[in-house]
Amino acid sequence: MNSSQKVVLRFPPELVERPLVCELALQFGLHFNIMRASISPHREGLMVIEIIGEKKKQEEGLQFLQENGLEVESLSQDIKMVEERCIHCGSCVGVCPTEALYVEKPSYLVKYDETQCIACEMCVLACPTHAMEALL
Amino acid sequence: MGEKLRTYEEINEKIRQGKAVVVTAEEVIDLVEEKGVEKVAQEVDVVTTGTFGVMCSSGAFFNIGHTKPRMKVSEAYLNGVMAYSGLAAVDFYIGAAQVAQDDPLNKIHPGEFKYGGGHVIQDLVAGKDVLLEAYGYGTDCYPRRKLVTWINLADLNEAYLFNPRNAYQNYNVAVNLSSKTLYTYMGVLLPKLGNANYSSAGQLSPLLNDPFYRVIGVGTRIFLGGGVGYVAWQGTQHNPGVERNERGIPKDGAGTLAVIGDLKGMNANWLWGVSMRGYGCSMAVGLGVPIPILDEETLYYCAVKDEDILAPVIDYSDAYPNGTGEILGYASYAQLRQGKIKIEGKEVPAASLSSYSRAREIALTLKDWIQKGDFTLTQPVLPLPGKDAGARFHNLPERPVNNGRVGR
């Protein structure tokens with residue numbers, strides 16, 4: 001059965017020029033959607049991708065990437081809502097493209113559904129109390 | 001409608017006996033729908049309101065006590081944020097929107113504005129030590145020239161919030177018609193009508209429950225920053241003469257309140273330093289006003305619903321910064337709270353900058369204080385200027401200046 005997960009991949013400088021992520025499709029038959037990719041001045045790479053496919057194949061694919069020197073972590077570890085700093089205004093809600101941040105009714109509290117987050121970081125820009133943190 | 005139902009004295013007597021009937025401005029809506037204005041006005045003594053939003057025109061006065069030798073402070077910083085010291089020797093005022101002295105501002109746009117006056121006030125109220133750095137030029141009576149010390153709210157002689165403009169009666173809905181992202185005091189506005197930001201507690205907001213200022217006036221005791229405060233005056237930009245709907249609800253920003261209260265009795269949960277990306281620092285303030293149900297008319301106005309309140313939709317890429325006065329349309333708070341409004345045929349996500357859940361919490365807290373007998377009501381000593389008072393907010397009439405002389 002197919003499922004999906006969003007992960008953050010970090011490429012050390014020596015791996016930036018190696019075509020590794022394509023192996024997820026070629027070797028493991030997985031689909032993936034690149035949500036974000038960048039190379040820093042020190043030539044470390046960062047990629048946020050959603051991987052779609054059989055759970056077992058996903059595990060194998062990610063293990064392959066790790067064995068080849070990539071750091072792999074779940075996206076939900078990287079965009080965080082710091083509850084005690086949130087004043088539940090809703091500034092983040094209108095700029096969130098996936099409704100990962102939403103106003104729950106009837107409580108009118110702002111809630112964060114990590115599984116919907118695509119790490120665009122608009123909420124980090126919009127939050128007036130620094131309650132949304134990006135560790136990417 | 002005009003018949004007096006109760007006086008302030010009668011309400012306060014019931015509060016002292018623990019018998020006052022108090023409901024929030026949200027609860028009263030259902031009650032009125034169920035029983036009608038006449039019956040509810042007979043039953044309810046007080047309706048409580050609340051709002052919690054970013055209110056830039058806020059700040060605090062304080063007196064730090066004299067040093068030995070004495071010092072007339074002419075320049076002062078609290079945690080690196082400048083406090084106004086053009087007052088007597090050791091009196092200061094810190095404004096919520098004052099940015100830390102070493103802040104890079106918008107040099108790299110959009111600036112972060114991480115720490116400012118609002119944060120200093122929040123830290124003080126939270127009981128944290130704050131670094132004071134002060135300079136004086138030295139006089140015969142005040143010789144000292146430099147002071148660096150930690151200060152704490154508990155050690156200050158006086159510390160009181162004095163906010164020149166809070167609790168705006170209605171406000172703009174901000175949108176962006178341009179093709180680039182805008183960073184404004186109304187939050188991040190995405191290009192081409194990407195989102196719409198609004199900022200009013202609507203049916204819970206104090207002045208929207210008393211649209212003609214029949215009961216809220218100078219001297220009204222209120223919930224302020226988690227403690228007790230008072231309405232000190234009409235706020236700056238108080239503009240009661242704007243267009244109103246058939247219920248008397250202004251269709252634009254109208255009345256405002258200047259408020260005062262002892263900082264030492266307040267709570268950092270209700271005075272919150274904020275950073276508006278690309279714009280600056282400010283403070284979110286919690287404020288709630290009790291409305292005594294003196295007659296049926298007072299109750300009628302308290303039963304206002306979000307669907308009765310319209311806010312003007314303004315383009316912040318042109319109409320607002322250039323002051324053109326153009327309004328793209330109106331949206332009701334009921335529509336806004338649904339999270340989507342239609343502007344120029346496009347469905348636009350709408351989000352609030354003021355917290356409705358916290359506005360509700362304030363109204364409930366005030367209700368609790370009154371029910372417990374801890375908070376009695378005060379009769380205003382002076383009404384706020386009303387819609388026919390002739391007070392009208394206007395733009396600055398600029399006059400050309402030639403060779404240092406004012407021309408005409």
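The values are calculated or read from the model by the stated rules, or taken from the named source; none is laboratory data. Small disclaimer: the values here were computed from a predicted structure and weren't measured. Positions of Cβ are backbone-derived with ideal geometry, glycine not excepted, and every protein chain shown enters the neighbour counts.
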Query - Enumeration of residues in region B:227-270 that are crowded, with 24+ Cβ neighbours inside 10 Å, of a type in the set (A, V, I, L, M, F, W, C) and either touching a Ser or Thr at 6+ places or on another chain (Cβ under 8 Å) or away from chain A (no Cβ under 14 Å) (or both) - result: B:231, B:254, B:257, B:259, B:266
Requested in this report: Restricting attention to helices (runs of 4 or more DSSP H) lying wholly within region B:3-55, give those where 2 or more residues are under 30 Å from residue B:354 (Cα atoms), touching a residue at least 60 places away in the same chain (Cβ under 8 Å) and touching a helix residue (DSSP H, G or I) at 6+ places or on another chain (Cβ under 8 Å).
Outcome: B:27-35, B:37-43
Report task. Please find, within region B:150-174, the residue that is farthest from residue B:78 (Cα to Cα) out of those that are in a loop (DSSP other than H, G, I, E, B) and over 15 Å from the mean Cα position of the chain (by Cα). Result -> B:157
Report task. Looking for whichever is within 14 Å of another protein chain (Cβ to nearest Cβ), surrounded by 15 or more Cβ atoms within 10 Å (Cβ to Cβ) and farther than 30 Å from residue B:136 by Cβ here; the options are B:11, B:108, B:29, B:15. Which one fits? Result -> B:29
Requested in this report: Would you mind telling me which numbered condition in (1) without any contact (Cβ under 8 Å) to a residue 24 or more places away in the chain; (2) out of contact with any Ser or Thr (no Cβ under 8 Å at 6 or more places or on another chain) residue B:314 fails?
Outcome: (1)
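Suppose the filter is in a strand (DSSP E or B) and farther than 30 Å from residue B:154 by Cα; does residue B:188 pass it?
yes
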Query raised in the report: When both residues are 6+ apart or on different chains and their Cβ atoms are under 9 Å apart, which pairs have a first residue that lies in region A:85-105 and is farther than 15 Å from residue B:359 by Cα and more than 8 Å from chain B (Cβ to nearest Cβ), and a second that is among the acidic types (Asp, Glu) and part of a helix (DSSP H, G or I)?
Result: A:100/A:114
Report summary line: Within region B:162-175, the residues that are within 22 Å of residue A:122 (Cα to Cα) and either in contact with an Asp or Glu (Cβ under 7 Å, 6 or more places away or on another chain) or away from every other protein chain (no Cβ under 14 Å) (or both) are B:175
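Among residues belonging to region A:75-84 that are among the acidic types (Asp, Glu) and more than 14 Å from residue A:111 (Cβ to Cβ), point out the one that is farthest from the other protein chains (Cβ to nearest Cβ).
Per the criteria, the residue is A:78.
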Report summary line: Here the residues within region B:132-149 that are loosely packed, with under 14 Cβ neighbours inside 10 Å and within 27 Å of residue B:163 (Cα to Cα) are B:149
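Determine whether region B:56-71 contains at least one residue that is free of Cβ contacts under 8 Å to residues at least 60 places away in the same chain and part of a loop (DSSP other than H, G, I, E, B). Step through it out loud before you land on a result.
Here is the first cut: in region B:56-71, the residues free of Cβ contacts under 8 Å to residues at least 60 places away in the same chain are B:66, B:68.
From what is left, the residues that are part of a loop (DSSP other than H, G, I, E, B) are B:66, B:68.
Yes, that holds for at least one residue.
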Requested in this report: Select, from B:349, B:385, B:380, the only residue that is touching a His at 6+ places or on another chain (Cβ under 7 Å) and at pLDDT 95 or above.
Outcome: B:385
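Among the residues that make up region B:342-354, is at least one of them within 12 Å of chain A (Cβ to nearest Cβ), surrounded by fewer than 20 Cβ atoms within 10 Å (Cβ to Cβ) and in contact (Cβ under 8 Å) with a residue 40 or more places away in the chain?
Keep residues of region B:342-354 that are within 12 Å of chain A (Cβ to nearest Cβ), which gives B:348-354.
Pick out the ones that are also surrounded by fewer than 20 Cβ atoms within 10 Å (Cβ to Cβ) and you get B:349.
This time we only want the ones that are in contact (Cβ under 8 Å) with a residue 40 or more places away in the chain, so: B:349.
Yes; the residues of region B:342-354 include at least one that is within 12 Å of chain A (Cβ to nearest Cβ), surrounded by fewer than 20 Cβ atoms within 10 Å (Cβ to Cβ) and in contact (Cβ under 8 Å) with a residue 40 or more places away in the chain.
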Report summary line: When every residue in region A:113-129 that is more than 8 Å from chain B (Cβ to nearest Cβ) and closer than 18 Å to residue B:354 by Cα is compared, the one surrounded by the fewest Cβ atoms within 10 Å (Cβ to Cβ) is A:124
